[in-house]
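> Please see the structure below; I have some questions.
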Amino acid sequence: MCAYLEQPEISPLAWYRDDSDENLYERHFTDPPRILTPQEVFEKSGVRLIKVQHCNSPIVQAKLREEGNYKTFDWLELSRETLPNYDERMKKLYDEHLHKDQEIRLITEGSGYFEIRDYENKWIRLHLKKSDLIQLPAGMYHRLTLDEQNYMKMLRLFSDSPQWEAVDRPNGDAEPSRFEYLQSIPSTTIE
Ligand code: NI
């Protein structure tokens with residue numbers, strides 16, 4: 001028996017979320033909770049989750065960039081104190097959107113919720129904390145919000161020049177990256 005299922009108040013890494021949009025800081029478990037392992041998240045969405053030990057070490061970060069062939073990077077700090085237009089930016093991050101390129105983020109401080117659509121369009125909530133790296137394929141819908149800590153710092157890695165441009169749903173449906181993502185879905189996952 002998985003300990004997480006017996007003690008859902010201990011925040012696990014990933015689960016199917018309920019349908020409520022009230023108080024986003026809360027966990028939003030379904031009843032009963034449907035917890036997912038990183039492997040299940042990958043099988044259901046194509047999203048990879050990796051633990052990076054010593055994530056604040058410049059050597060570790062340089063190695064990550066080299067191994068992933070990520071040519072550029074920058075930092076994003078989600079904090080009312082340091083992020084200009086905080087409320088507007090946070091609202092935008094929670095609008096369902098996709099990108100033309102993959103999205104790679106290493107959480108180096110704090111924590112927050114990434115929400116991703118699985119292959120069947122259901123929301124999976126990921127509670128990412130320091131040392132978690134997430135790799136979202138291009139063309140998949142997602143959104144982001146913070147937890148009660150109200151703080152998250154991320155290293156953003158890019159294959160080429162930084163591509164922050166977000167395309168909201170449903171406009172993203174017309175993006176070539178969306179077609180490619182849909183075509184990449186393993187046929188075994190569709191009933
Ligand atoms: Ni995004």
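> Any residue at all in the stretch 78-95 that is part of a helix (DSSP H, G or I) and of a type in the set (Phe, Trp, Tyr)?
Of the residues in the stretch 78-95, the ones part of a helix (DSSP H, G or I) are 86-94.
Filter once more, so that each one left must be of a type in the set (Phe, Trp, Tyr): 86, 94.
The answer is yes, given that some residue of the stretch 78-95 is part of a helix (DSSP H, G or I) and of a type in the set (Phe, Trp, Tyr).
> When you look at Gly112, is it in a loop (DSSP other than H, G, I, E, B), within 15 Å of the ligand (Cβ to nearest atom) and of a type outside the set (Phe, Trp, Tyr), yes or no? Steps first, answer last, please.
Values: in a loop (DSSP other than H, G, I, E, B): no; within 15 Å of the ligand (Cβ to nearest atom): yes; of a type outside the set (Phe, Trp, Tyr): yes.
Here the answer is no, as Gly112 does not meet what is asked.
> Would you check if Arg89 is open to solvent by 80 Å² or more (accessible area, probe 1.4 Å) and within 18 Å of the chain's Cα centre (by Cα)? Step through it out loud before you land on a result.
On the way: open to solvent by 80 Å² or more (accessible area, probe 1.4 Å): yes; within 18 Å of the chain's Cα centre (by Cα): yes.
Yes, satisfied.
> What are the residue pairs meeting all of these: first residue in the stretch 48-65, first residue within 26 Å of Arg117 (Cβ to Cβ), second residue small (Gly, Ala, Ser) and surrounded by 11 or more Cβ atoms within 10 Å (Cβ to Cβ), Cβ atoms under 7 Å, and 6 or more apart or on different chains?
Lys51/Ser131; Val52/Ser131
> If you take the residues in the stretch 115-156 that are closer than 22 Å to Glu40 by Cβ, open to solvent by 30 Å² or more (accessible area, probe 1.4 Å) and outside any loop (DSSP other than H, G, I, E, B), which one is farthest from the ligand (Cβ to nearest atom)?
It comes out as Lys129.
> Output the number of the condition that Ala174 fails; it satisfies all remaining conditions of (1) within 13 Å of the ligand (Cβ to nearest atom); (2) over 10 Å from the mean Cα position of the chain (by Cα); (3) of a type in the set (A, V, I, L, M, F, W, C).
(1)
> In addition: Considering only the stretch 86-109, state which residues are near the ligand (Cβ under 10 Å from one of its atoms) and hydrophobic (A, V, I, L, M, F, W, C).
Result: Leu93, Leu98.
> Just to check your reading of the model, which residue among Ser161, Ser177, Ser184, Ser131 is within 24 Å of Ala62 (Cβ to Cβ), of a type in the set (Ser, Thr, Tyr) and at pLDDT below 95?
Details: Ser177 fails: within 24 Å of Ala62 (Cβ to Cβ); Ser184 fails: within 24 Å of Ala62 (Cβ to Cβ); Ser131 fails: at pLDDT below 95.
Testing whether each residue is within 24 Å of Ala62 (Cβ to Cβ), of a type in the set (Ser, Thr, Tyr) and at pLDDT below 95 leaves just Ser161.
> Checking the condition open to solvent by 70 Å² or more (accessible area, probe 1.4 Å) and on the phi < 0 side of the Ramachandran plot, which residue from Thr37, Thr82 passes? Walk me through how you get there before you give the answer.
Working: Thr37 fails: open to solvent by 70 Å² or more (accessible area, probe 1.4 Å).
When all the criteria are applied, what remains is Thr82.
The values are calculated or read from the model by the stated rules, or taken from the named source; none is laboratory data. These figures come from a predicted structure and were not determined experimentally. Using ideal geometry, Cβ is built from the backbone for each residue, glycine included, and neighbour counts are taken over all protein chains shown. Just so you know, the surface numbers come from the protein's heavy atoms only, side chains and all, with ligands and any DNA or RNA stripped out. Shrake-Rupley method; radii C 1.70, N 1.55, O 1.52, S 1.80 Å.
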